[in-house]
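Peer 1: Quick one: the structure is below, and I'll ask about it shortly.
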Amino acid sequence: GVALTGICIPIGLSYTLQGLLHATPLQAFAAGAALCSTSLGTTFTVLGSSGLSASRLGVVLTSAAMMDDVVGLVMVQVISNLGGADFNVVTVVRPVLVSIAFAVMIPVACLFILKPCTLWLNKYRESHPSTKLNDLLTTTQAAFTFHTALLIALISGATWAGTSNLFAAYIAGATVSWWDSEVPHVQQRP
């Protein structure tokens, strides 16, 4: 609700002012999307300084701000696609559908592919602690390489599929954060 309001109100207002400014519908849409706020940084600052970030209200506000920013990123891609010479429905619908697919498929892949593979690899590493694979995977460079490869893969896939590469970077960051904090890992040697 809150996230869609942050997008719909500016776009709706830009269409109501379209007649006053003699703007085309495409120009009104672009102006409204440009007025959509990105409130994530402000929300984190206010909640952090007030101590409400761990409260139920803080979680709801943070979630709404994140959804607002994600929808804004998708809108940027839609507007970018509208700048071309030929307009059709696919120009608008494709980034939205691909973004939804990314938002659904990446968490599913994390849950059913990445987590089981990590747990299997952990068992192997614990049962074979002196292997070169274990030595390699305990380095900081290994984690950095994996995180960077995931970022590049998601951005490349999003760009190829026609959605926002910034949205893909956001999903990559959320995936890395989840993988590092929620999935158990074999401890690195000091």
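The values are calculated or read from the model by the stated rules, or taken from the named source; none is laboratory data. Being a predicted model, the structure only gives us computed values, none of them experimental. Cβ sites come from the backbone with ideal geometry, for glycine too, and all protein chains shown count toward neighbours. Areas reflect the complete protein model, heavy atoms only, side chains present, ligands, DNA and RNA absent. Shrake-Rupley method; radii C 1.70, N 1.55, O 1.52, S 1.80 Å.
Peer 1: Kindly establish whether residue 177 is small (Gly, Ala, Ser) and either in contact with a His (Cβ under 6 Å, 6 or more places away or on another chain) or modelled with pLDDT of 85 or more (or both).
Peer 2: Yes, satisfied.
Peer 1: Only one of (1) open to solvent by 40 Å² or more (accessible area, probe 1.4 Å); (2) small (Gly, Ala, Ser); (3) under 16 Å from residue 175 (Cβ atoms) fails for residue 63. Which number is that?
Peer 2: Condition not satisfied by residue 63: (3).
Peer 1: Which numbered condition trips up residue 80, out of (1) modelled with pLDDT under 85; (2) among the polar types (S, T, N, Q); (3) open to solvent by less than 70 Å² (accessible area, probe 1.4 Å); (4) more than 13 Å from the chain's Cα centre (by Cα)?
Peer 2: Just one mismatch for residue 80, condition (3).
Peer 1: Kindly indicate whether residue 100 is open to solvent by 70 Å² or more (accessible area, probe 1.4 Å), assigned to a helix (DSSP H, G or I), at pLDDT below 90 and within 29 Å of residue 79 (Cα to Cα).
Peer 2: Against the criterion (open to solvent by 70 Å² or more (accessible area, probe 1.4 Å), assigned to a helix (DSSP H, G or I), at pLDDT below 90 and within 29 Å of residue 79 (Cα to Cα)), residue 100 qualifies.
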